[in-house]
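The values are calculated or read from the model by the stated rules, or taken from the named source; none is laboratory data. All of these numbers come straight from a predicted model, not from anything done at the bench. No Cβ is skipped: glycine too gets one built from the backbone with ideal geometry, and neighbour counts run over all protein chains shown.
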Amino acid sequence: MKIAVSSQNFRTVTSHAGKARRFIVFDVSDPAQVTELERLDLPREMSMAEYRGLDHPLFAMDVVITAGAGGGFVQRFATRGIEVVITGETDPGQAVRDYLSGMVKPPVVDPSQEHGHTHRHGHGHA
């Protein structure tokens with residue numbers, strides 16, 4: 001299983017997955033051992049907000065974990081059978097371990113980040 005975690009700084013789980021260009025990819029073929037496989041550092045035109053092609057590195061994932069994503073992002077991945085998980089965990093490796101254990105931390109809502117409209121976010125996990 002391959003899990004991508006949005007991380008614009010390659011240190012913490014970040015939000016705005018549709019605009020994100022950096023992802024840490026983990027291999028979890030052995031759930032007891034979460035291993036960083038690679039880091040994606042995509043050009044601007046490969047952000048999901050810009051990309052309209054059929055073949056994208058994120059489409060090879062089984063799960064995408066992020067701190068926030070809009071409904072369009074979630075739906076686009078769902079049509080490919082890729083689960084999008086929204087988490088409040090900031091450590092990418094821990095976010096993957098939380099997902100595998102079925103104990104995903106709920107996202108943190110920062111009132112200063114509210115901008116007057118509602119996003120539909122996917123919150124499903126195994």
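Below are the figures for this structure:
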quantity: Lone unmet requirement of (1) farther than 12 Å from residue 63 by Cβ; (2) among the hydrophobic types (A, V, I, L, M, F, W, C); (3) surrounded by fewer than 15 Cβ atoms within 10 Å (Cβ to Cβ) for residue 24; calculated: (3)
quantity: Selection within segment 16-37 - free of Cβ contacts under 8 Å to residues at least 60 places away in the same chain and of a type in the set (Gly, Ala, Ser); calculated: 18, 20, 29, 32
quantity: Unmet criterion (only one of (1) under 30 Å from residue 32 (Cβ atoms); (2) modelled with pLDDT of 95 or more; (3) among the hydrophobic types (A, V, I, L, M, F, W, C); (4) not in a helix (DSSP H, G or I)) for residue 74; calculated: (4)
quantity: Residue count, segment 49-71 (criterion: part of a loop (DSSP other than H, G, I, E, B) and more than 13 Å from residue 2 (Cβ to Cβ)); calculated: 12
quantity: Segment 21-59, residues that are polar (S, T, N, Q) and under 19 Å from residue 75 (Cα atoms); calculated: 47
quantity: Number of positions in segment 20-48 that are modelled with pLDDT of 95 or more, more than 14 Å from the chain's Cα centre (by Cα) and either not in a strand (DSSP E or B) or not acidic (Asp, Glu) (or both); calculated: 6
quantity: Among residues of segment 58-104, those that are in contact with a helix residue (DSSP H, G or I) (Cβ under 6 Å, 6 or more places away or on another chain) and among the polar types (S, T, N, Q), counted; calculated: 1
quantity: Selection within segment 31-80 - within 18 Å of residue 92 (Cβ to Cβ) and of a type in the set (D, E, K, R); calculated: 36, 38, 39, 41, 62
quantity: In segment 42-88, the residues that are closer than 21 Å to residue 103 by Cβ and either free of Cβ contacts under 8 Å to residues at least 24 places away in the same chain or loosely packed, with under 12 Cβ neighbours inside 10 Å (or both); calculated: 88
quantity: Residue count, segment 1-11 (criterion: assigned to a loop (DSSP other than H, G, I, E, B) and within 20 Å of residue 73 (Cα to Cα)); calculated: 2
quantity: Where a residue in segment 89-102 is within 16 Å of residue 68 (Cα to Cα) and its partner, wherever it lies, is small (Gly, Ala, Ser) and in a helix (DSSP H, G or I), with Cβ under 8 Å and at least six apart; calculated: 89/95
